[in-house]
Amino acid sequence: MNVAKRMKRNPVFVDEGDSMKKAMDLLKEHQIRHLPVLKDGERLVGILSEQDIKQASPSPATALEIREIYYLLDKVKVKQIMTRRPYTVSSSAPIEEAALIIREKKIGCLPVVDDGKLVGILTETDIIDSFIEAMGVNGPGYRIEIALANRPGMLFEVLKLLKDFDANIVSVATAPHEDPTKIINILRIETRNYKLVKAAIRKSGFELLSAD
């Protein structure tokens, strides 16, 4: 799965010369937490987050009157409080590459840029949604965790066993085992014979770690 399949196209954005108040209004209106910042409506020059705005806003303990606060918010420009040179990703990049950038850089979103043009935005929520979809969590079926020897052909042996019970594989994922000679396989399957499948897995000598 690549970024293009999960990103939000035609994202809401602000110009670097727009006011902080306009940015606040856009975040509230569209119920979002990040705004790409463009220069002259074309080139990406920054990213503005809900947190950036909170940090730049007057303290709740301020003695300023409400009209004075609005006046100040209208005078502060986006370019004064935005994060410059944001990390970006291309629409053709694998979703896991984007997830790694978000995790390592500890950021909440990635503007998606192709040929210097903003084409979308990818958020933490989009990453989580793609993981949920890949794991088949919202779909039918049963979840099974099996520890297998970390060598070629072991998963194939499990799949052959499942085929004997007419089980349909919804998703397959792997995770490291504390024993480096083993690997954890996480399967979601559809079958009418789930209890028989679990019994057959145990009888075949596979290490069943957990099952629905």
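The values are calculated or read from the model by the stated rules, or taken from the named source; none is laboratory data. This one's a predicted model, so the numbers in the text were calculated from it and none came from an experiment. Neighbour counts are summed over all protein chains in view; Cβ atoms, including those assigned to glycine, are modelled from backbone coordinates with ideal geometry. In case anyone asks, the SASA skips ligands and DNA or RNA and just uses the protein heavy atoms, side chains included. Shrake-Rupley method; radii C 1.70, N 1.55, O 1.52, S 1.80 Å.
Kindly check whether there is at least one residue in the range 151-164 that is small (Gly, Ala, Ser) and in a strand (DSSP E or B).
Within the range 151-164, not a single residue is small (Gly, Ala, Ser) and in a strand (DSSP E or B).
Open to solvent by 60 Å² or more (accessible area, probe 1.4 Å), free of Cβ contacts under 8 Å to residues at least 24 places away in the same chain and on the phi > 0 side of the Ramachandran plot: is that true of Asp166 in this structure?
no
Write out, first by first residue and then by second, each pair whose Cβ atoms fall under 9 Å of each other, whose residues are 6+ apart or on separate chains, and whose first residue, in the range 178-196, is farther than 14 Å from Arg143 by Cα and part of a helix (DSSP H, G or I) while the second is open to solvent by 30 Å² or more (accessible area, probe 1.4 Å) and modelled with pLDDT of 95 or more.
Taking only residues 6 or more apart or on different chains, not a single pair turns up.
In this structure, does Ala199 turn out to be under 30 Å from Glu50 (Cβ atoms) and open to solvent by 20 Å² or more (accessible area, probe 1.4 Å)?
Criteria not met by Ala199.
If I filter the range 104-129 down to residues being buried (at least 19 other Cβ atoms within 10 Å of the Cβ) and not hydrophobic (A, V, I, L, M, F, W, C), which single residue comes out as farthest from Tyr87 (Cα to Cα)?
Per the stated criteria, the residue is Asp126.
Just a yes or no: is a residue in the range 173-187 at pLDDT 90 or above and touching a Phe, Trp or Tyr at 6+ places or on another chain (Cβ under 9 Å)?
Taking every residue of the range 173-187 in turn, at least one turns out to be at pLDDT 90 or above and touching a Phe, Trp or Tyr at 6+ places or on another chain (Cβ under 9 Å).
Here's a check for you: in the range 1-24, which residue that is closer than 15 Å to Ala56 by Cβ and either free of Cβ contacts under 8 Å to residues at least 60 places away in the same chain or part of a loop (DSSP other than H, G, I, E, B) (or both) is least open to solvent (accessible area, probe 1.4 Å)?
In this case the residue turns out to be Ala23.
With (1) surrounded by 15 or more Cβ atoms within 10 Å (Cβ to Cβ); (2) part of a helix (DSSP H, G or I) as the list, and Leu100 as the residue in question, which single condition is left unmet?
With respect to (1) surrounded by 15 or more Cβ atoms within 10 Å (Cβ to Cβ); (2) part of a helix (DSSP H, G or I), Leu100 is out only on (1).
Which of the numbered conditions does Ile132 fail, given that it passes all the others? Conditions: (1) in contact (Cβ under 8 Å) with a residue 40 or more places away in the chain; (2) open to solvent by less than 60 Å² (accessible area, probe 1.4 Å).
(1)
Considering only residues that are out of contact with any helix residue (DSSP H, G or I) (no Cβ under 6 Å at 6 or more places or on another chain) and either part of a loop (DSSP other than H, G, I, E, B) or of a type outside the set (D, E, K, R) (or both), which ones fall in the range 126-137?
Selection gives Ile128, Phe131, Ile132, Ala134, Met135, Gly136, Val137.
Could you list, in sequence order, all residues of the range 170-195 that are of a type outside the set (D, E, K, R) and exposed (fewer than 12 other Cβ atoms within 10 Å of the Cβ)?
Residues satisfying the conditions are Ala175, Pro176, Pro180, Thr181.
In the range 98-124, what residues are without any contact (Cβ under 8 Å) to a residue 12 or more places away in the chain and within 16 Å of Ile47 (Cβ to Cβ)?
Within the range 98-124, Lys106 is the sole residue that qualifies.
Kindly list the number of the only condition in (1) open to solvent by 20 Å² or more (accessible area, probe 1.4 Å); (2) of a type outside the set (D, E, K, R); (3) modelled with pLDDT of 90 or more that fails for Tyr70.
(3)
Would you check if there is a residue in the range 74-88 being under 13 Å from the mean Cα position of the chain (by Cα) and within 27 Å of Lys5 (Cα to Cα)?
The answer is no; no qualifying residue exists.
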